[in-house]
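This report concerns only the one structure given below.
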Amino acid sequence: MASVPPQITRARTDAHDRLVEADEPLASFHMRAGGELPGALVTPALLEMVRKARVYGLRLARMIKAQDDSEQVTAWVEVEPEGEGATIAIADWQAEPLAVAPRLEGSENKLALLRHAAGLSARLGPSQEILAVDCTAEDLAEIAAQMSEGTGQNWTEFVSPAAGKHHQPLHWRLLDGASVEIPGSSRAWGVHLVPLGKPQPGSAGFELYLVPRKATPDPAPAPERETERPNGIGREIAPVLRQPVSRIIANAETIRTQLAGPLADEYSAYAADIAAAGEHLLALIDDLTTLELVEDEEFETAPDKIDLGDVARRAVGILGVRARERGIVLDAPKPGENVPAIGEFRRVLQVLLNLIGNAIRYSPEGGQVWIRAEVEDGRARITVADQGEGLDAEEQAKVFAKFERLGRSGDGGSGLGLYISRRLAEAMDGSLTVESAKGQGARFTLDLPTFEERRKKPR
């Protein structure tokens with residue numbers, strides 16, 4: 001461990017919690033983390049102390065922990081209000097190489113959910129320059145086109161987080177989790193940056209995801225109908241629940257990674273459990289919301305021309321890490337294997353994520369899952385086959401029933417996935433079927449109309 005010789009490092013902030021003066025080693029650490037002198041404080045734990053001291057007029061003192069991409073620092077900090085700002089005195093500054101944080105169980109699932117929910121994703125270089133952009137949200141199409149044309153430029157030239165003036169690129173830890181507003185979109189978006197490369201995160205670039213902070217606003221309510229609406233969590237209630245649960249997950253992650261200050265290991269583990277439980281609850285909320293949606297008599301999908309081979313490859317990319325953790329090989333359609341179909345992209349992806357996720361869950365470790373797409377009898381079909389225990393005739397008759405889990409317990413499932421998937425398939429003029437036998441695995445097939453079939457269909 002490298003220790004700075006005993007000395008007092010002093011610094012000063014203004015009325016806006018901007019660092020206006022700083023001695024070494026704080027000045028260098030601040031600059032490496034993406035800050036400027038003078039400029040906004042970029043160390044969360046220090047900013048928290050300064051803000052509290054200024055707002056409440058209190059003298060605060062405690063040990064803090066902070067980190068950048070290369071080292072972790074612990075120091076004793078004293079903050080005292082002075083004028084409109086505050087003075088900072090730091091002693092016992094100690095730095096050590098940054099240890100790799102323990103991987104949160106389920107963190108890869110969280111990343112998969114991010115990828116699934118993102119309206120825009122991009123691959124960035126080590127300096128956060130744009131390398132490639134992909135977009136699935138209509139209200140982000142314009143900004144995605146601008147970013148694609150601006151390959152090589154920093155992504156913040158096109159999407160500006162609400163942050164003060166800093167060196168570019170701003171340190172990725174300060175951008176991760178930021179809120180942004182996109183011109184042309186009525187939704188608020190959250191930034192998620194995934195660093196690539198070891199041992200220094202970001203050395204191989206980043207994955208950028210823009211994820212909506214809340215669901216797309218619901219359309220105007222339809223006139224009252226005689227038919228009773230299905231019971232459910234309610235599309236009005238779900239966003240209200242999703243927001244605090246998401247905040248719980250975010251705060252638990254902040255505590256777990258100790259970005260707000262040092263923490264005993266057992267409390268960090270508690271925070272990891274809270275985050276994992278929050279993610280499970282969020283998934284359940286989504287399932288129940290989708291359940292009510294697909295059971296609504298007025299539910300319709302937005303059919304478009306899609307490529308089943310492309311959707312399958314995307315689903316495999318999302319679930320690849322989960323499969324590798326169990327040693328399972330996902331055999332997906334190869335690039336160039338295209339099967340045109342008519343369906344709503346995100347709904348077809350939702351169905352395939354459920355089918356492939358189930359195949360991974362119930363296949364033996366070291367097994368294989370096959371995903372095949374083809375056109376047969378004028379219909380577009382994609383089949384997911386696994387090497388699990390299989391289903392007998394009685395189980396096949398019940399597998400698509402609501403809340404049916406075939407006697408399983410403790411696997412975290414809600415028993416809604418296949419029921420919802422079949423309802424989505426039917427809403428797209430398709431079907432979802434199963435072929436299986438005990439001890440011989442299962443084959444789930446999603447059947448959708450082709451463009452030629454839809455064109456010939458009388459309007």
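The values are calculated or read from the model by the stated rules, or taken from the named source; none is laboratory data. What you see is a predicted model; the values in this text were computed from it and never measured. Reconstructed Cβ throughout: ideal geometry from the backbone, glycine too, with neighbour counts over all protein chains shown.
At a glance:
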{"read-out": "Failed condition for residue 20, given (1) modelled with pLDDT of 85 or more; (2) part of a strand (DSSP E or B); (3) surrounded by 15 or more Cβ atoms within 10 Å (Cβ to Cβ); (4) β-branched (Val, Ile, Thr)", "value": "(3)"}
{"read-out": "Matching residues in segment 325-382 - criterion: being basic (Lys, Arg) and in contact with a strand residue (DSSP E or B) (Cβ under 9 Å, 6 or more places away or on another chain)", "value": "372, 379, 381"}
{"read-out": "Tabulated pairs, segment 263-291, first in a helix (DSSP H, G or I) and surrounded by 15 or more Cβ atoms within 10 Å (Cβ to Cβ), second modelled with pLDDT under 75 and polar (S, T, N, Q), C-beta under 6 angstrom, 6+ apart or interchain", "value": "284/414; 287/414"}
{"read-out": "Test: residue in segment 308-331 that is more than 17 Å from residue 386 (Cβ to Cβ), in a loop (DSSP other than H, G, I, E, B) and not aliphatic (A, V, I, L, M)", "value": "no"}
{"read-out": "Out of 285, 306, 249, 274, sole residue that is under 20 Å from residue 179 (Cα atoms) and at pLDDT 70 or above", "value": "249"}
{"read-out": "Condition met for residue 297 (assigned to a helix (DSSP H, G or I), at pLDDT below 90 and among the charged types (D, E, K, R))", "value": "no"}
{"read-out": "Spans of helices (runs of 4 or more DSSP H) in segment 372-459 with at least 2 residues modelled with pLDDT of 85 or more and of a type outside the set (S, T, N, Q)", "value": "393-398, 417-427"}
{"read-out": "Pair list, Cβ < 9 Å and 6+ apart or interchain, from segment 325-338 residues that are touching a residue at least 24 places away in the same chain (Cβ under 8 Å) to residues that are among the aromatic types (Phe, Trp, Tyr)", "value": "330/370; 331/370; 332/370"}
{"read-out": "Residues within segment 296-318 that are in contact with a strand residue (DSSP E or B) (Cβ under 7 Å, 6 or more places away or on another chain) and among the hydrophobic types (A, V, I, L, M, F, W, C), tallied", "value": "4"}
{"read-out": "In segment 31-48, the residues that are in a helix (DSSP H, G or I), surrounded by fewer than 23 Cβ atoms within 10 Å (Cβ to Cβ) and either in contact with a Gly (Cβ under 7 Å, 6 or more places away or on another chain) or not charged (D, E, K, R) (or both)", "value": "31, 44, 45, 47"}
{"read-out": "Hey, residue 364 free of Cβ contacts under 8 Å to residues at least 40 places away in the same chain and outside the structural domain of residue 209 (by TED's automatic domain parsing) or not", "value": "yes"}
{"read-out": "Close pairs from segment 184-202: first within 19 Å of residue 72 (Cα to Cα), partner surrounded by 12 or more Cβ atoms within 10 Å (Cβ to Cβ) and among the polar types (S, T, N, Q), Cβ under 7 Å, at least 6 apart", "value": "197/203; 200/70"}
{"read-out": "Number of positions in segment 49-88 that are in a strand (DSSP E or B) and under 27 Å from residue 256 (Cα atoms)", "value": "18"}
{"read-out": "Search result, residues across segment 370-402 that are over 16 Å from residue 356 (Cα atoms) and among the charged types (D, E, K, R)", "value": "374, 376, 377, 379, 392, 394, 395, 398, 402"}
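Every residue, every condition in (1) modelled with pLDDT of 80 or more; (2) part of a loop (DSSP other than H, G, I, E, B); (3) under 21 Å from the mean Cα position of the chain (by Cα); (4) of a type in the set (Phe, Trp, Tyr), yes or no:
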position: 148; (1), (2), (3), (4): yes, no, no, no
position: 156; (1), (2), (3), (4): yes, no, yes, no
position: 159; (1), (2), (3), (4): yes, yes, yes, no
position: 174; (1), (2), (3), (4): no, no, yes, no
position: 185; (1), (2), (3), (4): yes, yes, yes, no
